[in-house]
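A short worksheet on the structure shown next.
Any read-out appearing in this document is the output of simple, stated calculations on the displayed coordinates, not a laboratory observation. Keep in mind the model is a prediction, meaning the values are calculated, not measured. We place every Cβ from the backbone using ideal geometry, glycine too, and count neighbours over all the protein chains shown.
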Amino acid sequence: MEEYRHKLDFLVRDYECDLEGIVNNAVYMHYLEHARHEFLKTLEIDFSEFSKNNINLVVVKAELNYKKYLTSGDRFWVGTNLSRFSPLRFAFNQTIHLYPDDKVALTAFTVCTAIDERKKPILPEKIKNLFENN
């Protein structure tokens with residue numbers, strides 16, 4: 001199994017499921033986003049602090065590969081890794097694993113960047129330093 005820099009536990013709630021009784025495909029994006037945000041907090045990257053300085057972190061590409069569906073009451077965890085994608089972009093590789101057997105329910109690849117007040121892509125020093133110090 002792949003090693004992850006960050007893991008976060010979740011529980012599927014009833015209202016996240018559609019009429020078929022499975023988690024709606026769009027809800028997976030929320031799980032992944034929350035896991036990314038929590039991971040960035042551990043690296044002292046604060047979305048609100050960037051926003052106050054007119055810098056917004058944005059997703060420019062999201063690729064999700066659904067392997068197994070989730071249902072109400074399922075317990076699972078999201079593993080997250082971070083890498084440099086290009087001079088102005090960074091990427092998250094994420095996987096959703098079901099408890100108790102760690103079966104893979106989803107794999108995801110998300111590319112992000114930061115944009116300044118002119119809507120131009122930038123890579124803030126605080127994020128750039130994550131890659132230069134590793």
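Could you give the size of the charge dipole of the range 6-133 about its Cα centre, using +1 on the Cβ of each K and R and -1 on the Cβ of each D and E, expressed in debye and rounded to the nearest 20?
Numbers: 17 positive and 18 negative charges, 102 e Å.
The dipole of the range 6-133 has a size of about 480 debye.
May I ask for the percentage of alpha-carbon pairs in the range 1-65 that lie more than 19 Å from each other? Here the tail beyond 19 Å accounts for 49 percent of pairs.
Report D for the range 6-133 in µm² per second (integer): Stokes-Einstein, Kirkwood Rh on Cα pairs, 10 °C, 1.306 mPa s. Walk me through the numbers on the way to the answer.
Numbers: Rh = 15.6 Å.
It diffuses with D of about 102 µm²/s by this estimate.
Computed from Cα atoms, the angle from the helix 25-42 axis to the main principal axis of the chain rounds to 50 degrees.
Positive end of the dipole of the chain (Cβ unit charges, origin at the Cα centre): among 21, 87, 56, the Cα lying farthest that way belongs to 87.
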